[in-house]
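Okay, so here's the structure we're looking at.
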Amino acid sequence: MRKLIATVFNYSLDGLLADEGTDFWDFCFGIPENSRPDDPAHLDFLRGAYAHVMGRSAYEGIKAGMTTATDHPFSPILTDGRKIVFSRTLQTADWTNTTIASGDTAAEVEKLRDGDGYVVVWGGVRLWRSLLQLDLVDELWVSLYPYLAGEGTRLFDGTPRSYGLELISSTASAGGIVELRYRRRR
């Protein structure tokens, strides 16, 4: 059975996501390791995913970025990779290798789990929250930035009251970003 790995990036020490147009957004994308990622292990991780899952808003934003910045290290990985967009409003997806999942979220995820390997969930917030509420996330990978944002979106609002996690690893980068990897306790 494939694991569902939710990747939460651009997350501040005070628990906020970097919303576009904020100082925190500028800070995140001003760090070279974030704007020009080159960690071979991370790139291999993305290449090895069975599929890349996104909500509609995340899909539209990532697609816009990766189809115009074709020299970005993620661009060929995501363009060539299988993408699943969870949306009840998106009618067509014109980015190559993209399928729209508009049915029941739990049923759609169970179809994705059939096989070996892992599926990477890129976001957005509503999709992450939905997957957490349905207890479908097997691992949660959080990139914690050395920043107090003060403004932004709270990721974990509306998630279950009790959600035990087990630390798999924690690694700090030279730029001060701490990569936290947790496994869902079952």
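The values are calculated or read from the model by the stated rules, or taken from the named source; none is laboratory data. In this text the structure is predicted, and so the values were computed from the model without any measurement. All Cβ positions, even for glycine, are placed from backbone atoms using ideal geometry, and neighbour counts span all protein chains on display. Keep in mind that these areas ignore ligands, DNA and RNA; they rest on the heavy atoms of the full protein, side chains included. Shrake-Rupley method; radii C 1.70, N 1.55, O 1.52, S 1.80 Å.
With every protein chain left in place, what is the accessible area per residue of the range 1-154 in square angstrom, probe 1.4 Å?
48 Å²
Please list, in order along the range 160-165, the HN-Hα scalar couplings obtained from phi with the Karplus expression 6.51 cos²θ - 1.76 cosθ + 1.60 (θ = phi - 60°), rounded to whole Hz, x for Gly and Pro.
For the range 160-165, the Karplus curve yields x, 5, 10, 8, x, 10 Hz.
Using the Cα centre as the reference, give the magnitude of the dipole from point charges on the C-beta atoms of the chain (Lys, Arg: +1; Asp, Glu: -1; all else neutral), rounded to the nearest 20 debye.
For the chain, the charge dipole is close to 700 debye.
Heavy atoms only, probe 1.4 angstrom, no DNA, RNA or ligands counted: give me K3, K83, K111, K63 ranked by accessible area, highest first.
K111, K3, K63, K83
Please report the accessible area of E33 (heavy atoms, 1.4 Å probe, ligands and nucleic acids excluded) in Å², nearest 10.
70 Å²
HN-Hα J couplings of the range 37-45 from phi, Karplus 6.51/-1.76/1.60, θ = phi - 60°, integer Hz, Gly and Pro as x?
Rounded to whole hertz, the list is x, 9, 5, x, 5, 5, 5, 5, 4.
Each residue of the range 82-92 in turn: what ³J(HN,Hα) in whole Hz from Karplus with 6.51, -1.76, 1.60 and θ = phi - 60°, glycine and Pro shown as x?
For the range 82-92, the Karplus-derived couplings read 6, 10, 10, 9, 8, 7, 9, 10, 6, 9, 9 Hz, x marking Gly and Pro.
What residues qualify as long-range amide H neighbours of N97, i.e. H under 5 Å apart, gap of 5 or more or another chain, H built at 1.01 Å from N?
Hits under the 5 Å cutoff: none.
May I ask for the net charge around V119, where only other residues with Cβ less than 10 Å from the Cβ of V119 are counted and Lys, Arg are +1 while Asp, Glu are -1?
That works out to +3.
Which whole-number percent gives the relative contact order of the chain, counting Cα pairs below 8 Å spaced six or more residues apart?
Relative contact order comes out at 34 percent.
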